[in-house]
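These notes concern the structure reproduced below.
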Amino acid sequence: RTGRLGHSAGGATDVSRSTVSDDMHDASSEHHVRAPSRLGLENRVEFREIAAAVVDLIPTGAGQLIVDCSSLDSIDSTGVNALILIRRRAAAKRVPVVLRYLNEEILGLLMLTKLDDLFEMEDVRAR
């Protein structure tokens with residue numbers, strides 16, 4: 001199931017491009033959320049709510065949340081905090097959070113702030 005979530009007024013935020021898909025066929029299924037190109041003050045709440053809704057659909061201890069970061073080009077401290085809160089909610093259900101296609105610059109930021117251990121990383125991309 002793939003759906004388009006979010007809304008924006010006059011294109012003020014690109015969370016409207018966030019998409020969610022999940023595959024509930026087996027316990028190791030992946031549940032996807034696409035990060036916007038900029039994650040920060042303007043859209044952190046909406047992104048966090050979308051991801052939380054997906055986490056809530058995942059059975060405890062089954063599957064993983066994949067955050068597709070292929071479009072994510074910039075993140076501020078409020079965006080990082082949104083990722084931390086999503087991870088905390090997922091951890092309460094023993095669901096790992098995977099940041100997929102994260103660019104090297106944002107990975108460097110997470111490493112600098114010692115937050116890289118909170119997430120699994122897959123397919124880091126060059127800037």
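Which number in (1) modelled with pLDDT of 95 or more; (2) outside any helix (DSSP H, G or I) marks the one condition that Val55 misses?
Evaluating Val55 over (1) modelled with pLDDT of 95 or more; (2) outside any helix (DSSP H, G or I) leaves (2) as the failure.
Scan (1) closer than 16 Å to Gly40 by Cα; (2) under 13 Å from the mean Cα position of the chain (by Cα) for the single condition Thr78 breaks and write down its number.
Of everything listed in (1) closer than 16 Å to Gly40 by Cα; (2) under 13 Å from the mean Cα position of the chain (by Cα), Thr78 misses just condition (2).
Among Arg87, Arg94, Arg100, which is in contact with a Phe, Trp or Tyr (Cβ under 9 Å, 6 or more places away or on another chain) and of a type in the set (D, E, K, R)? Don't jump to the end; show me each part of the working.
Numbers: Arg94 fails: in contact with a Phe, Trp or Tyr (Cβ under 9 Å, 6 or more places away or on another chain); Arg100 fails: in contact with a Phe, Trp or Tyr (Cβ under 9 Å, 6 or more places away or on another chain).
Of Arg87, Arg94, Arg100, the one residue that is in contact with a Phe, Trp or Tyr (Cβ under 9 Å, 6 or more places away or on another chain) and of a type in the set (D, E, K, R) is Arg87.
Can you find, within region 89-127, the residue that is farthest from Ser29 (Cα to Cα) among those that are open to solvent by 80 Å² or more (accessible area, probe 1.4 Å) and in a helix (DSSP H, G or I)? Quick ask: steps written out before the conclusion?
From region 89-127, those open to solvent by 80 Å² or more (accessible area, probe 1.4 Å) are 89, 92, 94, 101, 104-105, 111-112, 114, 117, 120, 123, 127; that's our starting set.
Right, trim to in a helix (DSSP H, G or I) and you get 89, 92, 104-105, 111-112, 117.
Working: Arg89: 18, Ala92: 18, Glu104: 26, Glu105: 29, Met111: 28, Leu112: 31, Asp117: 22 Å.
Per the stated criteria, the residue is Leu112.
Mind counting the residues in region 32-52 that are open to solvent by 10 Å² or more (accessible area, probe 1.4 Å) and part of a helix (DSSP H, G or I)?
Taking region 32-52 as the starting set, the residues that turn out to be open to solvent by 10 Å² or more (accessible area, probe 1.4 Å) are 32, 34, 37-38, 41-42, 44-46, 48-50, 52.
Checking which are part of a helix (DSSP H, G or I) leaves us with 44-46, 48-50, 52.
Qualifying residue count for the region: 7.
Within region 3-25, is even one residue outside any loop (DSSP other than H, G, I, E, B) and modelled with pLDDT of 95 or more?
First pass over region 3-25, keeping only residues outside any loop (DSSP other than H, G, I, E, B): 3-4, 15-17, 19-22.
Narrowing further to those that are modelled with pLDDT of 95 or more: none.
No, region 3-25 contains no residue that is outside any loop (DSSP other than H, G, I, E, B) and modelled with pLDDT of 95 or more.
Taking region 68-88 as the search range and keeping residues that are of a type in the set (D, E, K, R) and assigned to a helix (DSSP H, G or I), which one is surrounded by the fewest Cβ atoms within 10 Å (Cβ to Cβ)?
Step one: filter region 68-88 for residues of a type in the set (D, E, K, R), giving 68, 73, 76, 87-88.
Keeping just the survivors that are assigned to a helix (DSSP H, G or I) gives 87-88.
Working: Arg87: 21, Arg88: 12.
Top of the filtered list is Arg88.
The values are calculated or read from the model by the stated rules, or taken from the named source; none is laboratory data. Note that this is a predicted model, so its numbers are computed, not measured. Positions of Cβ are generated from backbone atoms using ideal geometry, with glycine treated the same way; all protein chains shown enter the neighbour counts. We work out accessible area using only protein heavy atoms, side chains counted, and drop any ligands, DNA or RNA first. Shrake-Rupley method; radii C 1.70, N 1.55, O 1.52, S 1.80 Å.
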